[in-house]
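See structure below.
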Amino acid sequence: MKYLYAILLCSIGHSALAQSYASAQYSINFPMGNTADFISKPSFRGLTFDYRYEVTPRILVGVSAGWYTFYNEAGYDSYTSKDESITASGQQFRYMNSVPLLVMADYYFSEADLKPFVGVGLGTTYNRVDLEMGMYTWRADPWQFSVAPEAGLAYKIAEGTSALVSVRYNMSFSSRDLDSQSFLGLNLGLVTSLGR
């Protein structure tokens, strides 16, 4: 029993010393796979917000949320619905809004001012896909299981503040209403310490 108390006290002591961090990032996203088949243009409209808690100086866990919008004017084309019940032709406008909600884990290779890291996220993504053609709109808006591996660099620019650059591959798996969606995101932002 004494050992259990000792372990508990050490854990509480470590938690009191552990830091937490918040970051805001501007995200540029490049469609891949089925997403690129539907919308080929990169998106310059994206935001990512992250929170991390320091488990050890090199291992951080937390959450991530983002909002990324894609748009493409496809010109005159034909479109067949997924269930093949409708085919229409006309000037097409294609949109996708992607909102991932992920649980993240990161590993930092260094404790110096320049910190390379890798991470992975698991969770769900709300993907709303719209195809507008004249007076008609086709829409799919499922929640899809998602995985998001990431690699990046954090560089300390002031006490408690670091600049961040990372590349994250966002992959949402097929659901009943929508095929798998994927895109590669370039994230640029700032990380701020929230204290101990």
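Would you confirm whether or not the stretch 85-103 contains a residue that is under 14 Å from the mean Cα position of the chain (by Cα) and of a type in the set (Gly, Ala, Ser)? Yes, the conditions are met somewhere in the stretch 85-103. Look at residue 113 and say whether it is closer than 26 Å to residue 176 by Cα and charged (D, E, K, R). Answer is no for this residue. Among the residues of the stretch 60-85, those that are closer than 30 Å to residue 114 by Cβ and exposed (fewer than 15 other Cβ atoms within 10 Å of the Cβ) comprise 61, 65.
Restricting the stretch 102-121 to residues that are among the aliphatic types (A, V, I, L, M) and in contact with a Phe, Trp or Tyr (Cβ under 8 Å, 6 or more places away or on another chain) leaves a set whose member that is farthest from residue 144 (Cα to Cα) is 114.
We did not get these values from a lab; they are worked out from the coordinates using the rules stated. Since we're looking at a predicted model, the values are computed, not measured. No Cβ is skipped: glycine too gets one built from the backbone with ideal geometry, and neighbour counts run over all protein chains shown.
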